[in-house]
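The values are calculated or read from the model by the stated rules, or taken from the named source; none is laboratory data. Bear in mind that the values here come from a model prediction, so they are computed numbers and not experimental data. For neighbour counting, all protein chains shown are included, and Cβ atoms are generated from backbone atoms with ideal geometry for every residue, glycine included. In case anyone asks, the SASA skips ligands and DNA or RNA and just uses the protein heavy atoms, side chains included. Shrake-Rupley method; radii C 1.70, N 1.55, O 1.52, S 1.80 Å.
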Amino acid sequence: MALAARGTGQGRRRWLDAAAAVLLPLAAWEVLSRTVLNATLVPPPSVVAGTALEMLRSGELFVHIAISLRRIFVGFFLGSALGIGLGLAAASSRPVWDALRPLLSVCSSVPPIALIPLAMVWFGIDEPARLFLIIYLATVLMVPATVSGVRNIKPIRLRAAECLGAKRAHIYTRVMLPDALPFVLNGLRITLGFCFMVVVAAEMIGANSGIGYLIMQSRYFAVTTKMFVGILTLGVMGLGVDALFRRLVAVTLPRFATEKRTG
């Protein structure tokens, strides 16, 4: 009973801390916007919330959210799959790693936004150009995460699989990938977060919908309330997807969950 009560108290304390971390900055923002700051440039959260409700009622915000999520997830899955495949190949073959390492070092220094002109030349202003930026980012982030995971596998496990006659494909799927999974999952979580950041840049390329488009279009017409709605929506989307990702890992792969329940 005492342990249960303590766990309940700790859970309530965490909720109170989380609520305070959100409500106190919002309260400060509301007061400063109405007293010190220019409310046209920095509208108070109550006004932003009203604009968001209007956009939700009209369905406009749902459309932007759905389209941005589709772009994020398609680019994330394609880029992550490519990055994991290249990472497995690089970690198991020295020549492949020697060939990829310089290119990876160069790509790691080139942000996706710098590739917007190139993407427009290659793909025009259609959807492939926007997906290209997200796929590029996901691939660049997932290769080193996968390589690190595979290189942390104990060599004795690989030798044991080879001695038992396991084929190369089975070693990849039954030994290397499962043992590298903690690093891969961490890389996927980080990559997914960065995909939310790059979608704004991706939607600069001739898009007529999406959260990034909403933010940029609001800037052109100086509608700061909608601009703040887009920025805050993007943050809430990222927070929600990250929580969902952690929950899925905790349910389907509990041994690899990054956070343990206490109490």
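Do the conditions hold for Leu53, that is, is it more than 30 Å from Gly149 (Cβ to Cβ), modelled with pLDDT of 90 or more, open to solvent by 80 Å² or more (accessible area, probe 1.4 Å) and not polar (S, T, N, Q)?
Details: more than 30 Å from Gly149 (Cβ to Cβ): yes; modelled with pLDDT of 90 or more: yes; open to solvent by 80 Å² or more (accessible area, probe 1.4 Å): yes; not polar (S, T, N, Q): yes.
For Leu53, the condition - more than 30 Å from Gly149 (Cβ to Cβ), modelled with pLDDT of 90 or more, open to solvent by 80 Å² or more (accessible area, probe 1.4 Å) and not polar (S, T, N, Q) - is met.
The single condition from (1) touching a residue at least 24 places away in the same chain (Cβ under 8 Å); (2) buried (at least 18 other Cβ atoms within 10 Å of the Cβ) that Ser33 fails is (1).
Taking (1) in a loop (DSSP other than H, G, I, E, B); (2) open to solvent by less than 50 Å² (accessible area, probe 1.4 Å) in turn, Ala243 satisfies each apart from (1).
Look through Val241, Val200 and report the one residue that is under 17 Å from Ala66 (Cβ atoms) and modelled with pLDDT of 90 or more. Even if it seems obvious, please write down each step before you answer.
Details: Val200 fails: modelled with pLDDT of 90 or more.
Only one candidate passes the filter, namely Val241.
Scanning region 77-95 for residues that are modelled with pLDDT of 95 or more, farther than 19 Å from Tyr172 by Cα, aromatic (Phe, Trp, Tyr) and surrounded by fewer than 20 Cβ atoms within 10 Å (Cβ to Cβ) turns up at least one hit. Among the residues of region 150-167, those that are more than 35 Å from the chain's Cα centre (by Cα) and in a loop (DSSP other than H, G, I, E, B) comprise Leu164, Gly165, Ala166. Going residue by residue through region 153-166, is there one that turns out to be modelled with pLDDT of 90 or more and charged (D, E, K, R)? So far as region 153-166 goes, no, none of its residues is modelled with pLDDT of 90 or more and charged (D, E, K, R).
If the condition is being within 19 Å of Leu137 (Cβ to Cβ), at pLDDT 85 or above, small (Gly, Ala, Ser) and assigned to a loop (DSSP other than H, G, I, E, B), then region 203-224 contributes only Gly210.
One residue is enough: does region 219-240 have a residue meeting the conditions open to solvent by 20 Å² or more (accessible area, probe 1.4 Å), within 24 Å of Pro144 (Cα to Cα) and over 20 Å from the mean Cα position of the chain (by Cα)? No, region 219-240 contains no residue that is open to solvent by 20 Å² or more (accessible area, probe 1.4 Å), within 24 Å of Pro144 (Cα to Cα) and over 20 Å from the mean Cα position of the chain (by Cα).
When region 108-165 is filtered for residues that are among the small types (Gly, Ala, Ser), touching a helix residue (DSSP H, G or I) at 6+ places or on another chain (Cβ under 9 Å), farther than 24 Å from Ala202 by Cα and surrounded by fewer than 14 Cβ atoms within 10 Å (Cβ to Cβ), only Ala160 remains.
With respect to Pro25, is the statement that it is open to solvent by less than 100 Å² (accessible area, probe 1.4 Å), in contact with a Phe, Trp or Tyr (Cβ under 9 Å, 6 or more places away or on another chain) and modelled with pLDDT of 80 or more true? Working first, answer last.
Numbers: open to solvent by less than 100 Å² (accessible area, probe 1.4 Å): yes; in contact with a Phe, Trp or Tyr (Cβ under 9 Å, 6 or more places away or on another chain): no; modelled with pLDDT of 80 or more: yes.
No: the conditions fail for Pro25.
Residues in region 244-255 include at least one that is out of contact with any Asp or Glu (no Cβ under 7 Å at 6 or more places or on another chain), without any contact (Cβ under 8 Å) to a residue 24 or more places away in the chain and closer than 30 Å to Ala119 by Cβ.
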